[in-house]
Amino acid sequence: MSEAVLPTQEQVLEALKVVKDPEIPVNIVDLGLVYDVEVKEDGVVDITMTLTAIGCPAQDIVKADAEIAVMKFPGVHTVNVDFVWSPPWTPARMTEDGKRQMRMFGFNV
């Protein structure tokens, strides 16, 4: 029986682009909310991220959506989402694509 090939960090980041902040119509990767992704050989994926504000009511939704998106990869059996508040998020962390999307929705970034 062959072992599943684990996803790369880039593949995990691409998968996380389906996860959107419920209040902002841009995915968490392009918003710059994902600080780090670590794919471990034992099938555990650790995601370090933040939200746009401490106490964001969408935290549980974002966490669950991120877990679901990454659990779709063969060989991944655990996804840990760790929210951190340092460094704090600012719009400067957004990708150029994220800024373009925000402008399309009328935000001035």
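The values are calculated or read from the model by the stated rules, or taken from the named source; none is laboratory data. Since this is a predicted model, take the numbers as computed values, not measurements. All Cβ positions, glycine included, derive from the backbone under ideal geometry; neighbour counts span all protein chains shown. Calculation scope for accessible area: heavy atoms of the full protein, side chains included, ligands and nucleic acids excluded. Shrake-Rupley method; radii C 1.70, N 1.55, O 1.52, S 1.80 Å.
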Open item on the list: With every protein chain left in place and a probe of 1.4 Å, what is the accessible surface of R103, to the nearest 10 Å²?
Closed with: 120
TODO: Provide the solvent-accessible area of M104, counting protein heavy atoms only and rolling a 1.4 Å probe, rounded to the nearest 10 Å².
DONE: 130
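Work out the length of the dipole vector of the chain about its Cα centre, built from +1 on the beta-carbon of each Lys and Arg and -1 on the beta-carbon of each Asp and Glu, and round it to the nearest 20 debye.
500
Give the ranking of D36, D42, D30 by solvent-accessible surface, highest area first, calculated with a 1.4 Å probe.
Working: D36 70, D42 95, D30 10 Å².
Ranking D36, D42, D30 by accessible area, largest first, yields D42, D36, D30.
Got a sec? What order do E67, E41 fall in by accessible area at 1.4 Å, biggest, i.e. largest, first? Intermediate values should be presented prior to the final figure.
Numbers: E67 50, E41 180 Å².
So, going from the largest accessible area down, we get E41, E67.
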Task: Whole-Hz ³J(HN,Hα) from phi, Karplus 6.51 cos²θ - 1.76 cosθ + 1.60, for segment 73-90, glycine and proline x - done: 6, x, x, 8, 10, 9, 10, 9, 10, 10, 8, 10, 10, 9, x, x, 6, 9
- [ ] Enumerate the aspartates and glutamates that K20 could reach by cross-link, defined here as Cα to Cα under 12 Å, with residues fewer than 8 away along the same chain left out.
- [x] D30, D65
- [ ] Calculate one ³J(HN,Hα) per residue across segment 32-41 by plugging θ = phi - 60° into the Karplus curve 6.51 cos²θ - 1.76 cosθ + 1.60, and present them in order as whole Hz with x for glycine and proline.
- [x] x, 7, 8, 8, 7, 10, 10, 9, 9, 4
Task: Sequence-distant residues sharing a close amide H with N80 (under 5 Å, placed H) - done: V45, D46, I47
TODO: Starting from one equal scatterer on each C-alpha and no solvent at all, send me the Debye-based log10 I(q)/I(0) for the chain at q = 0.17, 0.21 Å⁻¹, two decimals.
DONE: -0.77, -1.10
Task: Solvent-accessible surface (1.4 angstrom probe) belonging to F107, in square angstrom, nearest 10 - done: 90
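List the relative contact order of the chain as a percent without decimals, with contacts defined as Cα pairs under 8 Å and 6+ residues apart.
Relative CO of the chain lands at 31 percent.
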Open item on the list: 5 Å is the cut-off here: which amide hydrogens, built 1.01 Å from N in the peptide plane, fall below it relative to Y35, excluding neighbours closer than 5 in sequence?
Closed with: T48, M49, T50
TODO: Towards the positive end of the charge dipole of segment 30-109, with charges on Cβ (+1 Lys, Arg; -1 Asp, Glu), say which of A53, A69, N80 has the farthest Cα.
DONE: A53
